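One structure is given here, and the rest of the page talks about it.
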Amino acid sequence: AVAARAVDVWKVYGSGEAQVIALHGVNVELERGHFTAIMGPSGSGKSTLMHTLAGLDSVTRGEVFVGDTKLTGMSDGDLTNLRRTKVGFIFQQFNLLPTLTAEENILLPLSIAGRKPDKAWYDTVIATVGLKDRLGHRPSQLSGGQQQRVACARALVSRPEVIFADEPTGNLDSRSGAEVLSFLRNSVRDFGQTIVMVTHDPNAASYADRVIFLADGQIVDELWEPTADAVL
Ligand code: ADP
Ligand code: ADP
């Protein structure tokens, strides 16, 4: 099954002299249970592609699907609801709420959507991400790596169709980054989670099972089972 799909997606910003074609007819299918990295130079369209697949940005032309749901043409309300229920996000800056504990942060998307976590699944996520003795801590009491693992648990706990991770290791030292990447890779291997990650880091990309290379708004290459050397 396909977890997310872009069909001839164009994204144009501005008009006239100021016009920028950020995506140039992109076609991509992201199979369920795969970990895909998106790489490419700054300005090549990585963020735009991720944002359109996640329903954060509209497309100028083409169609985007998450699972069987077509995002193109959906109302803003339906898109918001889709992002809350079918999509998980991990950001470079962690984006945890400072006044909430780790546990409250992890459960927040579910409570906003009016859903309760499945207890067994919640316990599995907490054990896998290694946060059992940190659940009562606030973000300021946690290291960067611990904060990002809280954000990973928050993304995974609702079992979304796809998790989108935007430079998830960009603010971490290499050891903490490796812990986060291992967790992401294990959640694909053990739970069949689908993950899409934008990264500049070939070492981070080597944790994925597929790397897609963008240049000037187009997919110019891809690589399966990448090694860090092959990505460079
Ligand atoms: P990347 O993530 O690979 O750095 P982006 O997707 O952020 O690339 O940007 C692709 C192109 O679209 C760049 O030329 C960028 O300047 C432009 N762009 C992105 N967002 C906007 C926006 N909101 N308004 C105008 N231009 C934008
Ligand atoms: P990222 O590092 O995640 O690609 P950026 O710092 O490039 O994010 O962009 C931050 C925000 O500004 C995003 O919402 C993006 O859409 C917007 N943006 C990016 N490039 C441009 C641009 N050239 N003009 C206007 N907005 C832009």
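May I ask you to verify whether residue 7 is more than 28 Å from residue 191 (Cβ to Cβ), open to solvent by less than 60 Å² (accessible area, probe 1.4 Å) and either more than 8 Å from ligand 1 (Cβ to nearest atom) or part of a helix (DSSP H, G or I) (or both)? When the stated conditions are applied, residue 7 does not pass them. Can you tell me which residue within segment 17-27, out of those that are within 10 Å of ligand 1 (Cβ to nearest atom) and open to solvent by less than 80 Å² (accessible area, probe 1.4 Å), is farthest from residue 62 (Cα to Cα)? Within segment 17-27, the match that is farthest from residue 62 (Cα to Cα) is 18. Residues in segment 49-72 that are within 24 Å of residue 180 (Cβ to Cβ) and touching a residue at least 40 places away in the same chain (Cβ under 8 Å): 49, 50, 53, 54, 66. Just one of the listed residues (33, 45, 40, 14) is within 25 Å of residue 86 (Cβ to Cβ) and either at pLDDT below 95 or near ligand 1 (Cβ under 9 Å from one of its atoms) (or both), and it is 45.
Scanning segment 124-145 for residues that are in contact with a helix residue (DSSP H, G or I) (Cβ under 9 Å, 6 or more places away or on another chain), without any contact (Cβ under 8 Å) to a residue 40 or more places away in the chain and charged (D, E, K, R) turns up 132, 134.
Exactly one residue out of 71, 172 is over 21 Å from residue 53 (Cα atoms) and buried (at least 18 other Cβ atoms within 10 Å of the Cβ): that is 172. The criterion of being under 20 Å from residue 163 (Cα atoms) and touching a Pro at 6+ places or on another chain (Cβ under 8 Å) holds for residue 96.
The values are calculated or read from the model by the stated rules, or taken from the named source; none is laboratory data. Just so it is clear, the model here is predicted, and its values are computed rather than measured. Methodologically, a virtual Cβ is constructed for each residue, glycine included, from the backbone with ideal geometry; neighbour enumeration extends over all protein chains shown. Accessible surface is based on the protein model in full, side chains and every heavy atom, while ligands, DNA and RNA are left aside. Shrake-Rupley method; radii C 1.70, N 1.55, O 1.52, S 1.80 Å.
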